[in-house]
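Colleague: Okay, here's the structure, questions in a sec.
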Amino acid sequence: MKKFFALFLAIVMVVCLCACGGGKTETPAPSAGGSSAPASGGSTSGGGSTSGGGSSAPAATETPAAPAKGDGEYTPSDETLVVANKGNPTGLCHLNVTAVSNNNATLSSMYDRLVDYDYENNDVVPMLAESWEQIDDTHVRFHLRKDVVSHAGDPFTASDVIFTVTTGQESGLLSNYYGMFNLAECKAEDDYTVVLATNNADPFFLYTLSNTPLAMIVEKSTEKDGLEAQSLNPTAATGPYKFVEWNDGSYIKLTRNENYWGKTPYYKDVEIRIITDASARVMNLESHDINIALNPDVNALQALEGNDDFTIVNLPTTNITTIFMNCSKEPFTDVNLRRAIACALNYEANLGIALLGRGTITDTFLPINNVAYQSQPDSLYHYNPEKAKEYLAQSNYPDGVTIDLLYAEKPEFAQFAEMAQAQLKDIGITLTLTPLASKEFDARISAGDFDMQIINASNPDPYIQVKYYDGRLDFKANRGGSGFVDAPQELLDLMDKAKVEIDDTKRLDYYNQLQKMLCDLCPAIPAYSPNMLCAMDSDILGVTLTEFNDINWSKAYKAN
């Protein structure tokens, strides 16, 4: 009873803050929802990634939308940037290791991709490829820059693209990325023109190419010591910063690439320190021992409140945390019960408690920053307890039901689950909570051994989000998902069409129809999208997000 009362008071506080204007307005970055998604087809040119000490003072400067991009005016300096990362990388060459988040803070500053991601406009832009054109549904021709050399000084050419994608596929470590290539039809047409082929039509192909695991390497720079040696001494990269030293578990040192094809990096040197404790990263920033704290502890950020020396970067993402109901069994075969649960949840208040408001809510199954998101204002995902009671009365369980909610042990999931428990109790549904260690949680949901479960999905490809509702896939293939075996054929047909449709207008129409149908059938409940946070010195600009929601500091600078 005490816990429930405390949660109730917390809800009241969140609502009052919003009503009085005391809370921060979380303005999401521009979304492509409702307009044409960046094309895999057509031609783009220009110059030149599934899956938290009080103070009453005003908050430190907080940036809810993208900070200035890394193309501001500056003069390169002799300064050293010190970045605190949450863990040690598993290696310094992405082709030799599986993709984990600890790697990206380092690798994204050393390696370039064919295309880069423009967070502010939710689009892909030229990087190592100056331009490209879609030949057909499965072939894209890229025209490469002619002024790119590796950190060892070897020129980057079309043969290096073929080498990278071939090595990536043959290694098997990154099959979720490189498995998409049809190697037999990938070819270098000349030194600076390359055709990449995919096994199937993939409208998200360019977005995937913007992700760090798809970074390019120069083959000649690997020949002396072999590719494996790149994990400890990467010389085949082409990015803005070059490797200097790695003290395992302690720090990685980089230096400016003076031969970089793009804008000269602002910082002369970079030190990436490994600080595993999230609160300690914030304390190191506060004491000016570091300049950027990645993945800070949400509560520890309060220590920076009222201090103009620091900025809290607070960026909306394409991640989404979802409650999946196991629609393969009772009671969730009852659509009205599912609808009742959806209407009973107070989405805004839950966001305020679970993430202290640092996130966004959506009215459909896609987060609002997803390229295919289109608002569904009449959906069930709005707090309406009276409507929830009506749906429950129309269900096969008018007197309520007891159901179990699984979630991996994580503070924000626990806080959200407790709020959901109290809100469902208000309409007569008893929710029991079962927190589990990650390994056991994964085993349970992969076996379909759950009533409801909470999971966070980080893949920005809209098809990856939608396939959780494909009942043709088993629980193991879908990492749990909804088990929606009774999904209507019309829904399945739309999924199949959206997955491969290259035409932007048609694809977005398919996703709009999917969102309408899924909102009505309600096989799952979108809880919230967590923002990506970092804290840094207030005079640093140019920090943003990659397409796959990692902090990208590689273009950080200080304005003139």
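The values are calculated or read from the model by the stated rules, or taken from the named source; none is laboratory data. Owing to the predicted nature of the structure, the values given are computational and were not obtained by experimental measurement. Every residue, glycine among them, receives a Cβ derived from its backbone with ideal geometry; neighbour counts consider all protein chains shown. Side chains are part of the model used for accessible areas, which takes the heavy atoms of the whole protein and leaves out ligands, DNA and RNA. Shrake-Rupley method; radii C 1.70, N 1.55, O 1.52, S 1.80 Å.
Colleague: With θ set to phi - 60°, apply the Karplus curve 6.51 cos²θ - 1.76 cosθ + 1.60 along segment 236-248 and write out the HN-Hα couplings as whole Hz, x wherever there is a Gly or Pro.
Modeller: 8, 7, 10, x, x, 10, 10, 6, 10, 7, 10, 9, 3
Colleague: Shifting gears a bit: Leaving out ligands, DNA and RNA but keeping every protein chain, what accessible area does residue 163 have, in Å² rounded to the nearest 10, with a 1.4 Å probe?
Modeller: Ignoring ligands and nucleic acids, residue 163 comes out at about 40 Å².
Colleague: Using the basic label-point model (7 angstrom from Cα toward the beta carbon), what is the residue 375 to residue 152 distance in nanometres?
Modeller: So the two model labels end up 5.4 nm from each other.
Colleague: Let's test the formula: R0 of 35 Å, r as the Cβ-Cβ distance of residue 390 and residue 414. What FRET efficiency results, to the nearest 0.05? Intermediate results must be reported in sequence, preceding the final value.
Modeller: Working: r = 30 Å, r/R0 = 0.86.
That pair, residue 390 with residue 414, gives E of 0.70.
Colleague: Additional query: Give me the lysines in straight-line cross-link reach of residue 410: C-alpha distance below 26 Å, same-chain residues under 8 apart excluded.
Modeller: Qualifying lysines at Cα under 26 Å: 2, 3, 24, 86, 425, 439, 467, 476.
Colleague: What are the ³J(HN,Hα) couplings of segment 518-535, residue after residue, when phi is run through the Karplus curve with 6.51, -1.76, 1.60 and θ = phi - 60°? Round to Hz, x for glycine and proline.
Modeller: For segment 518-535, the Karplus curve yields 5, 5, 7, 6, 6, x, 7, 10, x, 7, 5, 10, x, 6, 9, 10, 8, 10 Hz.
Colleague: A further question follows. Based on the Kirkwood radius over alpha-carbon pairs, what value in µm²/s does the Stokes-Einstein equation return for the translational diffusion coefficient of segment 419-560 at 20 °C and 1.002 mPa s?
Modeller: Estimated diffusion coefficient is 117 µm²/s.
Colleague: Tally the DSSP beta bridges in the chain and give the antiparallel ones as a percent, rounded to 5.
Modeller: 75 percent
Colleague: Between residue 232 and residue 176, take the C-beta separation as r, use R0 = 22 Å, and let me know the FRET efficiency to the nearest 0.05.
Modeller: 0.35
Colleague: Continuing with this model, one more query. Run the accessible area of the chain with a 1.4 Å probe and give the carbon-and-sulfur part as a rounded percent. Mind showing how you got there, number by number?
Modeller: Values: 10600 of 21850 Å².
C and S fraction of accessible area: 49 percent.
Colleague: Percentage of Cα-Cα pair distances in segment 340-404 greater than 15 Å, rounded to whole percent?
Modeller: Within segment 340-404, distances greater than 15 Å cover 61 percent of Cα pairs.
Colleague: Here's another thing I want to ask about it. Ranking request for peptides 216-222, 435-441: highest mean number of other beta-carbon atoms within 10 Å first, then the rest in descending order.
Modeller: So the peptides 216-222, 435-441, ranked by packing, come out 216-222, 435-441.
Colleague: Using only Cα atoms, locate the centre of segment 360-424 and the centre of segment 456-476, then give the distance between them in Å, rounded to an integer.
Modeller: What the calculation gives is 18 Å, centre to centre.
Colleague: Still on this model: What accessible area per residue, rounded to a whole number of Å², is obtained for the chain using a probe radius of 1.4 Å?
Modeller: Working: 21850 Å² over 560 residues.
Normalised by residue count, the accessible surface of the chain is 39 Å².
Colleague: Report, please, the projected area of the chain averaged over directions, based on the convex hull of its C-alpha atoms, in nm². Could the numbers behind the result be given before it?
Modeller: Working: hull surface 99.1 nm².
Hull-based average projected area comes out at 24.8 nm².
Colleague: For labels at residue 264 and residue 193 in the simple 7 Å Cα→Cβ model, what's the distance in nm?
Modeller: So the two model labels end up 3.5 nm from each other.
Colleague: If R0 is 45 Å, what FRET efficiency do you get for residue 80 and residue 330 from their C-beta distance, rounded to 0.05? Before the final figure, lay out each step's value.
Modeller: Working: r = 61 Å, r/R0 = 1.36.
It comes to 0.15.
Colleague: Under a point spin-label approximation (7 Å from Cα along Cα-to-Cβ), what is the residue 201-residue 121 distance to one decimal in nm?
Modeller: Modelled inter-label distance: 2.6 nm.
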